[in-house]
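The values are calculated or read from the model by the stated rules, or taken from the named source; none is laboratory data. Just so it is clear, the structure is predicted and the values come from calculations on it, not from any experiment. Every residue, glycine as well, gets a Cβ built from its backbone with ideal geometry; the counts of neighbours run over all protein chains shown. Note: areas computed on protein heavy atoms with side chains; ligands, DNA, RNA excluded. Shrake-Rupley method; radii C 1.70, N 1.55, O 1.52, S 1.80 Å.
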Amino acid sequence: MLLTSSDWIVRWSHLLAPRGTVLDVACGSGRHLQWFAARGRGDRHRPGHRRARGDQAPSAQLVCADIENAPWPLLHLGIRAPFGAVVVTNYLWRPLMPTLLASVAPGGVLLFETFTSGQETIGRPARADFLLQPGELLRHCEDLHVVAYENGYLESPPRYVQRIAAVRARTPTETPQPPVRYPLQARDTG
């Protein structure tokens, strides 16, 4: 059974440059890997942690590795960062955050969604080690341009989450403008 892609990842995936590379960390069944590939997004998809199952894009390079108790596996495989997008859902290992952030290319995007405090009141995960604290993703992304951020309760399925879409500046001196612009609503003043 193929799970549907996270609405957060789908909503902000347009921030990835066409043919940009994607690192899908702790990809589980590969639902985001398949979603990006089906839409021609991402030239190579490189999930970590567990082997993805099901049909895969021919350009995918799957890496099955212990990313919590061993050195970062991509270095040993000659897979070079940075990536056009780093995607993380339903996973948190704080010691890995600096590596994930450093893996976002100039002009690249971090799409991150996972559980936050409050989740322990309704289900798993319940350990504080696996739950973000209020504003924690914002603090981790202070060197990126935050395009969108949410923190709170979602009903379907019931869960407490933090989600962020953040872009790395193309140059160290660039002050990025929001990549998504919404038109002003026309207003009748008469």
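Can you name every residue in the range 131-170 that is assigned to a strand (DSSP E or B) and open to solvent by 60 Å² or more (accessible area, probe 1.4 Å)?
Selection gives Y149, E150, N151, Y153, Y160.
Which numbered condition trips up D66, out of (1) crowded, with 19+ Cβ neighbours inside 10 Å; (2) more than 24 Å from A165 (Cβ to Cβ)?
Looking at each condition in turn, D66 falls short on (1).
When the range 89-104 is examined, which residues are found to be closer than 12 Å to L137 by Cα and among the aliphatic types (A, V, I, L, M)?
Answer for the range 89-104, where residues must be closer than 12 Å to L137 by Cα and among the aliphatic types (A, V, I, L, M): L92, M97, L101.
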